[in-house]
Structures are given as C-alpha cells and as structure tokens.
1. Arg75 passes all but one of (1) away from the ligand (no atom under 16 Å from the Cβ); (2) surrounded by 16 or more Cβ atoms within 10 Å (Cβ to Cβ); (3) of a type in the set (D, E, K, R); (4) farther than 18 Å from Val275 by Cα; which number fails?
2. Using the structure shown, decide if Asn41 is open to solvent by less than 30 Å² (accessible area, probe 1.4 Å), within 16 Å of the ligand (Cβ to nearest atom) and under 30 Å from Val284 (Cβ atoms).
3. Can you tell me which residue among Ser133, Ser141 is closer than 13 Å to Met201 by Cβ, away from the ligand (no atom under 16 Å from the Cβ) and touching a Phe, Trp or Tyr at 6+ places or on another chain (Cβ under 8 Å)?
4. So which residues in segment 345-375 are within 27 Å of Asp14 (Cβ to Cβ) and not in a loop (DSSP other than H, G, I, E, B)?
5. Could you list, ordered by first residue, the pairs with Cβ atoms under 8 Å in which the first is in segment 342-366 and farther than 30 Å from Gln293 by Cβ and the second is among the acidic types (Asp, Glu) and surrounded by fewer than 20 Cβ atoms within 10 Å (Cβ to Cβ), at least 6 apart or interchain?
6. Residues that are touching a residue at least 12 places away in the same chain (Cβ under 8 Å) and among the β-branched types (Val, Ile, Thr): find the strands (runs of 3 or more DSSP E) completely inside segment 116-225 holding 2 or more of those.
7. Out of curiosity, is Phe8 open to solvent by less than 60 Å² (accessible area, probe 1.4 Å) and either farther than 25 Å from Asn268 by Cβ or free of Cβ contacts under 8 Å to residues at least 12 places away in the same chain (or both)?
8. Kindly indicate whether any position in segment 242-256 is part of a helix (DSSP H, G or I) and free of Cβ contacts under 8 Å to residues at least 40 places away in the same chain.
Amino acid sequence: MFTTRNDFRAVLDDIARGPSERPIETPQSTRISVDGHELLNFCANDYLGLANHPRVVAAAKSALDTYGFGMASVRFICGTQPPHLALERAISELLRTEATLLQSSCFDANGGIFAALLDERDAVISDELNHASIIDGIRLSKAVRYRYRTRDIDDLEVQLRRAARFRRRLVVTDGVFSMDGAQAPLAAICDLADRYAAMVMVDDSHGVGVLGATGAGTTEAAGMRNRVDIITGTLGKALGGASGGFVSGRTEIVEVLRRRSRPYVFSNAVPPVVVAGSLAALDVVKAGAVERQRLRENAKSFRRSMIEAGFDVLPGDHPIIPVMFGDAAVADRMSAALFGHGIHAVAFTHPVVPPGAARIRIQLSAAHTDGEIACCVAAFVRARRDIAADAHTGTVDE
Ligand SMILES: *Cc1c(COP(=O)(O)O)cnc(C)c1O
C-alpha cells in the first residue's frame, strides 16, 4: 500500500529516469523555442505543417465568435452543433466510408470500440505492437484476445485458426507503427480475413493525411479502401494536431458506437473551436498533394543523407525515421548533444521500445526546408563526434 508521500517518492525514483517535459514557448512548428533556446523541431506529428497554419487558426477564431468556447454537454444531450456533423461528413468523404463518429481522442475511439461491438462470444486478433489504446480497449471488452507477431501473416493465420470457433472475429492493426514507421501489410491481412470470415480494423493515426494519393491513409496506399471494415484515427497529428479522434466505417457499425461507445456517450463533446480548425485542416489535406509530395521528398532526402553519414536508419518510406543506437545511454546522450546543436529530437528507450533497441525517432514535416534538414544531419554528425570525444576522455559518465 502506497499511502505516504515517501512511498510515492520511492515509486517515482523508480520510474522517473525518462526524459522530463520541456515546455515549448512558441506555437508548434519546425522552429520552436525551449528555455529561450531556438531549436529546429524534428519530433512533432505535424506532418503537413497544419498545427499553426493560418487557415486553420482563422477558422478556429471565427468558430469562437460564432459558436462560443465550450459545449458543456456530451453530444447526444445538447453537444452537437453543425460543425460537428460537417466534420464527420468531411472525414467520411476523405476516407470514402459511409459514416464517421467524432470522439474526444483516438485513445477514446479505441477505448470504446471493442466493448461496444464484441462480447465473450467474440475474438480479437491483435498485432503485438498495436498502440496502447487498442490494448486497453480490448481489455475493457469481454472478447477473447489473440496476439500475433508484428506484421507476421503466417502467425496471423495461426491465430485466426485458433479463433475459428468464435461468433465474430476482428483483426486489428495499426496502419503505421509509430515506433518504427513500418506499415501494416493490409492486402495480405484483408485476404486472410476474408478466408477466415473476420472483420478488419485499422488504427490509421499516422497514416491519414500522410499516405495515399488523396491523403486517405494506409488503406488508400494499399488499395484496400473497400476491404477494411473500421478505420480509427486522430485529429491530433497530420489533421491540424489539436485533439480529437474518430471511428469511420459502415453506417450500422458507426451508429452502434454512437449509442454504445462509453467514451462517446459519457464524455464531453469536442469544442467547436477544435472542430472548425480541424475542418479547415481537412480542406488543406484534401488539396494537399503538393505538401504530401514535399513530405515524401523530405523523408527520402533525410534518410539518404543519414545513411551516407553512416547512421543506422530503419528502412521504410514513412516520415517517421528511427535512427538506431541500441544502447539507451548512447541514445540519451545523442539527444542531449543534439539539443546543444539546436535540434529537438527525443530518445526512445525501454519500455517504450524493446531493450537494446533505443533510438531517436525523427519525424519529418512538409514544412521542413532543405536547409533545416541539412542542419539536422550535420547536428547528428557533430553530436556523434562529441560523444566519441567524451567517451575517449571519460567525461560523460553518469
Ligand atoms: C497517436 C496515436 C493514438 C492516440 O491518438 P490521440 O487522438 O492523441 O488519443 C492512437 N493510436 C495510434 C496508432 C497513435 O499513433
């Protein structure tokens, strides 16, 4: 029992080795200021540079004047305004789905979905690297859980066979795995799901807005738009980066969730200022072929330069680019040294990634310039030199 202040101090000492939060004194952007230091930012999810886009900010300001600040209600009581419905329609149009349900976050979308659709007669077959919100959402349901090795189609088939006796089977995967930037093999997953009469759900938080010719995400990029039953996603990344999430799919599924997803029914409506800003962000996304092209080129050029400079970069083509260091202490020192060279890039260590797989996860944005990308690569080279020199003289040992 942890009852005293000191008990919790001990708990904190145990878990507080991770990086502390650094307040950013500017709007979210590729150029930020932290503690008065100007930094280039390479770890936001602001893939298209919309978090502080003039059109998005203008739409949000105007909604404040028209619709006020807060809803003070859940959606079904008196928390639905025209912009809420317009945003749901706009997301359905982008994804080419029948219907969409706005949620307070993608965490809530995933948190409410499994218990609403499945019970002890059903099975969920889940990729082992799925987002924490999927894992928690499954725990909140009575469905039986089967896990398959990440992106491993053979193991997925083994698990689908084990789940054959259940009434419903739901295969769930992240569209893009956030620690690796790897994409789910959606075509193979959908083929298998057909053979085993399973539904497919994709959490495309890092895909929507980023991947596919029109920005509809991994389902579009994989040519699987009409084969996936449920798509969840976030408004907190490419789509303006404020907050909010959604579930999209067939009308009957979405309407069941509108009545049964507990985070939807029992939690406040997304404020109109966020809804209107996100709607404007979606407009930019829909017309955003040039930005997506720029994003792809930025990711490609960063990757190429880092490989040329001798860094170990995980393969892929998503703007999530993990630079691998293995050892947690080395990744932490690199991140600190990068900070000293004007780059904000956070290290990810165990338990967020497997032990021995520590990394700095770089995320490119369409808003990064060629010069900023070159600065980042040069800073990595300098930081590596700093650390090698420190190791030599033994000055940086904790
Ligand atoms: C970021 C993320 C979430 C959480 O989204 P929020 O809207 O911030 O709750 C859920 N799933 C995946 C795969 C994510 O990357």
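1. Unmet for Arg75, out of (1) away from the ligand (no atom under 16 Å from the Cβ); (2) surrounded by 16 or more Cβ atoms within 10 Å (Cβ to Cβ); (3) of a type in the set (D, E, K, R); (4) farther than 18 Å from Val275 by Cα: (4).
2. no
3. When all the criteria are applied, what remains is Ser141.
4. Ala347, Phe348, Ala358, Arg359, Ile360, Arg361
5. Gly356/Asp327; Ala358/Asp327
6. Details: elements: 123-127, 144-148, 169-174, 199-203.
Result: 123-127, 169-174, 199-203.
7. no
8. Applying the first criterion (part of a helix (DSSP H, G or I)) to segment 242-256 yields 251-256.
In the following step, the residues that additionally are free of Cβ contacts under 8 Å to residues at least 40 places away in the same chain were identified as 252.
Scanning segment 242-256, I find at least one residue that is part of a helix (DSSP H, G or I) and free of Cβ contacts under 8 Å to residues at least 40 places away in the same chain, so the answer is yes.
The values are calculated or read from the model by the stated rules, or taken from the named source; none is laboratory data. Values in this document were obtained by computation on a predicted structure and should not be read as measured data. Glycine gets a Cβ as well: all are built from the backbone with ideal geometry, and neighbour counts include every protein chain shown. Surface areas here come from the heavy atoms of the whole protein model, side chains and all, with no ligands, DNA or RNA. Shrake-Rupley method; radii C 1.70, N 1.55, O 1.52, S 1.80 Å.
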